[in-house]
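Single-structure report; data block below.
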Amino acid sequence: MGNIISPENIVYQKPKLLNDTDMHYCPGCSHGVVHKLIAEVIEEMGLEEKAVGVSPVGCAVFAYKYIDIDWQEAAHGRAPAIATAIKRLWPDRLVFTYQGDGDLACIGTAETIHALNRGENIAIIFINNAIYGMTGGQMAPTTLMGMKTATCPYGRQADLHGYPLKITELAAQLEGTCYVTRQSVHSVAAIRKAKRAIRQAFENSVNRRGSSLVEIVSTCSSGWKKTPVEANQWMEEHMFDFYHVGDLKV
Amino acid sequence: MMKESGEEIVLMKGNEAIAHAAIRCGCDGYFGYPITPQSEILETLAVEKPWETTGMVVLQAESEVASINMIYGGGGSGKRVMTSSSSPGVALMQEGIAYMAGAEIPGLIVNVQRGGPGLGTIQPSQGDYFQATRGGGNGDYYVLVLAPSTVQEMADFVDLSFQLAFKYRIPAMILSDGVVGQVMEKVVLPPFKPRRTEEEILRECPWATTGRKGGRPINVITSLELRPEAMERHNLHLQEKYRTIREHEVRYEEHLVDDADYLIVAFGSAARIAQKAISELRGEGVKVGLLRPITLWPFPTKRIKELSRQVKGILTFEINAGQMVEDVRLAVEGRTPVTHYGKMGGIVPTPDELIDRLKEDFGIVES
């Protein structure tokens, strides 16, 4: 038997843009997979020297430690405003934000809706895990009805907490958006589709076709208090019922 | 009237002068939200359409919160960007200003003040002295604050603010008020200066998020650091920078202080009223001088301390309840009496009121 670990036998490699730093994400979290996809897409498009990312407040606040491109770290919810300015001032750059549901669909709703409605040539990657992960599992605007969190311990109910917000459906109605899609990364097939969506959104930014929103329905095994496998199953059984995966606007 | 040097002499409002000066000094972008009494800045830019001439970006944002974050983003990418607002709008911006201070991002914020607190009034005020000089957001930081008293200074301070902001990587603020913003005066607009090229920006701002051209190590703009020791080091670095600015960038103007028995300290439009009062008092034989701080931070502490040894009393004249007077008292350290005169609610005091108050405060009897 010869050595099978040789360059001609390599079928998969970690993208170079993904640093060797240990990630702080919990086991089973979707962030790591989405980070990898972003790094792969930027590398495949050859945009390492033209990409500027805007990271949020939330679990992905340290995205700049993992993906080896220029980053600006935004105040909670303000990433689309920051990206708006960078893209308008540097029109040939790839400019994207990476935001969670608390950041994008709650405190930053105004910045999100208006950046998308102006048709800013930016891509927004939206991680929706229906919970505030970093602060320890509180209710998010996207928390499902009946779902238990630290701030709705008896389950979300309409009279107390209002309803979960489908901001991606809202975004699809806006004239400024050119591409709105909802994806997930719970299976290999889903990961491949999500990667294609991210690539489409990044191409739209570079070619100045308008705003793109890629929602990734995600897990938060720690916040949901489930094992990684249970979290994936729970997402398929509950999240996909309310947050239908697929393109909303192409 | 256009001069050979490229300067142009025109009659215009202070707010309009800010807009024209921005276009002429190579500003890359303006992001703002309408609010009285400063909306002419965005309106003038919209009429002038600089995106067709100099390439300057002009965008009406969805809020002051968005505006300041656009400045944070634009400044973080090395561009000369500015916003403008009035008092309650600037209050909304404080989060973003703190982020800029923490991440050391240059940029210009123009505050054409109105009366407060809260929604207050649309009439002139200097009630934001604290908001401007104390760092209205969280944490230990300062913003470099310039206080124009004429339309000419409104124009001149735009380029000066950008130069200082980039020199020290600090947000700069022009603290104007409804009087200086709305009054029409003769102004000499500077000649056109081209916007910096990409190469010039990369040279001047090697820290900016421009994309890691040439495979350089990545640039990250952030104010976040979870390790206490590292965060302390960063804060000490900021404090060191503030010390340097205090040492080198104090600006003020003096008027008839050499033989003065009494000193008025006033900034912005209040200093113009004080000048009128001083010329009348001098006519009566009362030797009064004026010190006008041009930078409110850094404050001319040293000079006021010197003058406090010479004069019998200092009156701080502001269109507010008495804010700068605290800095004057800190400089004087009890060496001479310090009083304050001012009005609130959007009422601008007259020179006569100031004259009466000065005589009353220091027991000056009519000769």
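Rg(Cα) of chain B divided by 2.2 N^0.38 Å?
Working: Rg = 21.0 Å, N = 367, 2.2 N^0.38 = 20.7 Å.
Output field value: 1.01.
Computed across segment B:8-200, the Kirkwood hydrodynamic radius from all distinct Cα-Cα pairs reaches 16.0 Å.
For the protein assembly as shown, the Kirkwood radius over C-alpha pairs fed into Stokes-Einstein at 4 °C and 1.567 mPa s yields D = 49 µm² per second. Give the separation of the Cα centroids, segment B:201-261 to segment B:1-70, in Å. First find each Cα centre; the distance between them is then 25 Å. When chain A is treated as a Gaussian network with alpha carbon springs shorter than 10 Å, the biggest mean-square fluctuation among A:Ala81, A:Ala197, A:Ala189 belongs to A:Ala189. For chain B, the longest principal axis of the alpha carbon atoms and the long axis of helix B:268-283 meet at an angle near 20°.
Look at where the Cα atoms of segment A:183-224 and of segment A:73-103 average out, and the two centres are 16 Å apart. With the highest mean first, a sort of the peptides B:298-309, B:68-79, B:92-103 on other beta-carbon atoms found within 10 angstrom per residue produces B:68-79, B:92-103, B:298-309.
Model label sites at B:Arg251 and B:Asn235, defined 7 Å from Cα along the beta-carbon direction, differ in position by 3.1 nm.
Close amide H pairs (under 5 Å, H built 1.01 Å from N) link B:Leu146 with B:Met173, B:Ile174, B:Leu175, B:Leu296, residues at least 5 positions away or on another chain.
With 26 Å as the limit, the listed pairs A:Lys36/A:Lys87; B:Lys13/B:Lys359; B:Lys186/B:Lys241; B:Lys13/B:Lys167 have B:Lys13/B:Lys359; B:Lys186/B:Lys241; B:Lys13/B:Lys167 beyond it between alpha carbons. Just so you know, the Cα atoms of segment B:146-285 work out to an Rg and Dmax of 21.2, 71 Å.
Top mean-square fluctuation among A:Pro56, A:Pro141, A:Pro164, Gaussian network model of chain A, C-alpha springs under 10 Å? Among A:Pro56, A:Pro141, A:Pro164, the largest GNM mean-square fluctuation belongs to A:Pro164. Think of each Lys and Arg Cβ as +1 and each Asp and Glu Cβ as -1; about the Cα centre, that makes the dipole of the protein assembly as shown roughly 1000 debye. Taking 0.36 nm per residue of sequence separation and removing the Cα-Cα distance, the B:Gln163/B:Trp51 pair yields an extension gain of 38.1 nm. Taking N as the residue count of segment B:206-271, its C-alpha radius of gyration divided by 2.2 N^0.38 Å amounts to 1.98.
What number in nm² do you get for segment B:82-142 if you take the convex hull of its Cα atoms and divide its surface by four?
Working: hull surface 15.1 nm².
In nm², the orientation-averaged hull projection of segment B:82-142 is 3.8.
With springs connecting C-alpha atoms under 10 Å apart, model chain B as a Gaussian network and identify which of B:Gln126, B:Gln310, B:Gln152 has the largest mean-square fluctuation. With Cα springs under 10 Å in chain B, the top fluctuation among B:Gln126, B:Gln310, B:Gln152 is at B:Gln310.
Applying Stokes-Einstein at 10 °C and 1.306 mPa s to the Kirkwood radius of chain A, computed over alpha-carbon pairs, gives a translational diffusion coefficient of 87 µm² s⁻¹. Couplings for segment A:198-211, taken from phi via the Karplus curve 6.51 cos²θ - 1.76 cosθ + 1.60 with θ = phi - 60°, read 4, 4, 4, 5, 5, 5, 4, 5, 4, 8, 6, 9, x, 8 Hz in order; Gly and Pro are left as x.
Find the all-direction average of the projected area of the Cα convex hull for segment A:7-118, expressing the result in square nanometres with one decimal place. Spell out each step's value before the answer.
Working: hull surface 32.1 nm².
Across all orientations, segment A:7-118 yields a mean hull projection of 8.0 nm².
A simple rule links phi to the HN-Hα coupling: the Karplus curve 6.51 cos²θ - 1.76 cosθ + 1.60 with θ = phi - 60°, which for segment A:243-250 gives 9, 5, 6, x, 6, 9, 7, 10 Hz, with x for Gly and Pro.
Averaged over the residues of B:217-228, the number of partner chain Cβ atoms lying within 10 Å of the residue Cβ comes to 5.
Run a plain Debye calculation on segment B:217-367 (Cα atoms as equal point scatterers, no solvent) and give log10 I(q)/I(0) at q = 0.16, 0.20 Å⁻¹, rounded to two decimals, same order as the q list. Values, matching the q order: -0.83, -1.19.
Considering every residue in A:49-56, what mean count of other chain Cβ atoms within 10 Å of its Cβ is obtained? Walk me through the intermediate numbers first.
Details: counts 7, 4, 4, 10, 3, 5, 4, 0.
What the average comes to for A:49-56 is 5.
Any read-out appearing in this document is the output of simple, stated calculations on the displayed coordinates, not a laboratory observation. Since the structure is predicted, the reported quantities are computational estimates derived from the model, not experimental observations. Cβ sites come from the backbone with ideal geometry, for glycine too, and all protein chains shown count toward neighbours.
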